[in-house]
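Please read the structure below before turning to the comments.
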Amino acid sequence: MLVGFSVSCTTADFEDNYTDPSKLSETSVGKQFTGMIYTNRQSVLPTYWDYFVIKRITSNRYTQAVGWVNTENQYVPGSAAVNDRWNNYYNFVAQYRELEKVYDALSEEEKVDNRVFMIAAATYFYDHTQQVVDLHGDIPWSEAGMLSTNGGDYTKSYAGYDKASDIYTKMLDDLAGFADELRTLQINPAIEIEFSTQDLINRGDIDQWLKYINSLRLRMLTRVSGTSEFSARAKTEIGTILSNPGQYPIVSDNDSNILFRIHTLGTLMPANNFQSGLEDWDGNIAGKAILDHMVGNEDPRLTYVFQPGENAEGEYLGLDPLMNPTEQNELVLTQTLSIYNHSTISRNQYFPGLIITAAEVHLMAAEYYLKENQDMMAKSHYEEAIRQSVDFYEYLRSISNNAESDDPIVPTEESINAYLSMNDVSWEMAGSSEEKLKLIAEQKWLHFNVVQPNESWHELRRLGKVDLEFWEDNSNQQSLPPSRWMYPGSEQTYNMENYSVVQPEDKLMNTIFWDVN
């Protein structure tokens, strides 16, 4: 049985030593914690499965992070994408429940010793639960993943659906408690050593886990801040977090980004997974809107994020979504369209799994202060977000082991300041609060682009400020991008009694509860 998971281990080593805990005679909280994170790796690390099967035909298109040739039925999430994302999450849920089961069997003294694992595990679990709620809305949750706990009795293990807003409430309540508890938690030295070994995300760094917890709270609170149910709570708690950095630290610079890092090639992700996931089947084509924004405003990130097409003679060109498919196909064949940068992104074998970055956190802070009429604070965070984003893409290129793409133009203080003064970027030139909120929304879209497209799609829907035009698909009822994903067919097949409760609302254009625009 594996005692610790070293970064020098290969995936095969891990799989040989970490088996499904429900089939083992013994396990431990630490081992189960590592296994839970490992089970969910494909939803964090840039993998073929996540990018090609799921994001290529969903959020990458809904955000126009990429260009694609228009086709019928293109706005309906494919069954493979929906089923695979759903199944991966519920496999992850089952592993989390197994961790709870192992923990619950401990003595009271052992529970105290292992408490740090449970706080970290719940934080990570809530992060990915939010992502699935934001795709579907109500989901089976509080009763889900209990097959092992129920002794393998399937009849007791079909889970009912929890309301999305109730799930948010539970997670926000717990995270607020974790933020205080972990800060003062006394950790047994032996457990501290084990935690640093078993923790694949923050390597046992408690300060990083505190920043993860509080930054995740900011994300969740910001997401629901426009609703009548959560607006007052969001205002109070975001204000408390931002005004008390000593008590509630957040991810404020790129040194404290929450990332799932690739420390040694071959340990968790095959070397070409991101490349094949993004580049296969013409998946790597720049969308016109996002590229035009970057080119037109001389964005310092441009040469890190994109590269010209093979026959473009250095010109940046994105695919117009309003062109007819025949013209689009002809343009694709010319190989003049820009693509996402090979060396920074798709062929960067050390590209990390992105969880929370400083640029995102500063943009959430900017939105909060803007709505609180604290314009100078909002501007400060807005501009710091851009600086952190530029620095982040420089970092991604610096860790890459690929040198196929041309060297990027290294940003200078002058070029960043010039960017901040551009008409479509400048805080001062935006007259109204709505115009400034649009700037924040656009910078989220630019920062997330193809590397965090799900977060980008959620924020595009919530804020409704990025102007994107889409080709209308009149071949079916779903003529434009949806407002949510439908549930997978397996729910109707295996969980029909519970699914029937949510079936009337299972429509692509029904909005998630926080989407009030």
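List of remarks:
Results for (1) touching a residue at least 40 places away in the same chain (Cβ under 8 Å); (2) part of a helix (DSSP H, G or I); (3) among the polar types (S, T, N, Q), shown as yes or no for each residue.
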position: Asn214; (1), (2), (3): no, yes, yes
position: Ile250; (1), (2), (3): yes, no, no
position: Ala271; (1), (2), (3): yes, no, no
position: Ile290; (1), (2), (3): yes, yes, no
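- Count of the stretch 311-329 residues which are hydroxyl-bearing (Ser, Thr, Tyr) and loosely packed, with under 11 Cβ neighbours inside 10 Å: 1
- Qualifying positions in the stretch 152-173 - more than 16 Å from Pro140 (Cβ to Cβ), under 28 Å from the mean Cα position of the chain (by Cα) and surrounded by fewer than 18 Cβ atoms within 10 Å (Cβ to Cβ): Thr169, Asp173
- Some residue of the stretch 397-406 being farther than 20 Å from Leu278 by Cα, in contact with a Lys or Arg (Cβ under 6 Å, 6 or more places away or on another chain) and touching a residue at least 40 places away in the same chain (Cβ under 8 Å): no
- The stretch 309-325: number of residues that are in a loop (DSSP other than H, G, I, E, B) and under 17 Å from Asn449 (Cα atoms): 5
- Yes/no for Thr267 being within 30 Å of Asp199 (Cβ to Cβ), among the hydroxyl-bearing types (Ser, Thr, Tyr) and touching a Ser or Thr at 6+ places or on another chain (Cβ under 9 Å): yes
- Whenever a residue of the stretch 309-329 is closer than 18 Å to Phe470 by Cα and without any contact (Cβ under 8 Å) to a residue 12 or more places away in the chain, it has no partner that is of a type in the set (Phe, Trp, Tyr) and part of a loop (DSSP other than H, G, I, E, B) lying with C-beta atoms less than 7 angstrom away and at least six residues away or across chains.
- Residues that are open to solvent by less than 60 Å² (accessible area, probe 1.4 Å), touching a residue at least 60 places away in the same chain (Cβ under 8 Å) and of a type in the set (Ser, Thr, Tyr), drawn from the stretch 476-517: Ser479, Tyr487, Ser490, Tyr499
- When the helices (runs of 4 or more DSSP H) confined to the stretch 41-137 are screened for residues that are small (Gly, Ala, Ser), those reaching at least 1 such residues are found at 59-62, 79-104, 115-136.
The values are calculated or read from the model by the stated rules, or taken from the named source; none is laboratory data. Bear in mind that the values here come from a model prediction, so they are computed numbers and not experimental data. Cβ atoms come from the backbone with ideal geometry, glycine included; neighbour counts cover every protein chain shown. Each accessible area value is taken on the protein alone, full model and side chains, heavy atoms only, with ligands, DNA and RNA left out. Shrake-Rupley method; radii C 1.70, N 1.55, O 1.52, S 1.80 Å.
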